[in-house]
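Each remark here refers to the structure printed beneath this line.
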Amino acid sequence: MPVVDREDSLAASGGATANAGGAATALFINQPTISALKHYKLEGSSVERLMTFLTALGSDIEIRVRLPKRSSSPGRISVNAA
């Protein structure tokens, strides 16, 4: 689940991130960074940092590495949100 969607779903449920300020406090980042994430401005945010935000918001992250279905095709990256 993308960070933005996770933050929005917690806000809708009245969780710790009921607003951008609450989300910033929960993630130990400033409100402008939350605003940038909500607008999908991810420059300067590493995958590791985004995964840290997701786990701080209560999401589990699973990474799978497997052989491709066709040996002649290049590998690919996909993200599935449950």
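The values are calculated or read from the model by the stated rules, or taken from the named source; none is laboratory data. The model shown is predicted, which means the values in this text are computed figures rather than measured ones. So basically every Cβ, Gly included, is an ideal-geometry build from the backbone, and we count neighbours across all protein chains shown.
With respect to being assigned to a helix (DSSP H, G or I) and modelled with pLDDT of 85 or more, Arg64 falls outside the description.
Among the residues making up the range 7-49, those that are modelled with pLDDT under 85, assigned to a helix (DSSP H, G or I) and out of contact with any helix residue (DSSP H, G or I) (no Cβ under 6 Å at 6 or more places or on another chain) are Asp8, Ser9, Leu10, Ala11, Ala12, Gly22, Thr25, Ala26. Inside the range 48-82, residues that are under 30 Å from Gly22 (Cβ atoms) and surrounded by 10 or more Cβ atoms within 10 Å (Cβ to Cβ) make up a count of 12. Cβ-Cβ contacts under 7 Å between residues 6 or more apart (or on different chains), taken from a first residue in the range 47-65 that is under 20 Å from Ile77 (Cα atoms) and without any contact (Cβ under 8 Å) to a residue 12 or more places away in the chain to a second residue that is surrounded by 15 or more Cβ atoms within 10 Å (Cβ to Cβ) and among the aliphatic types (A, V, I, L, M), are listed as Ile61/Leu54.
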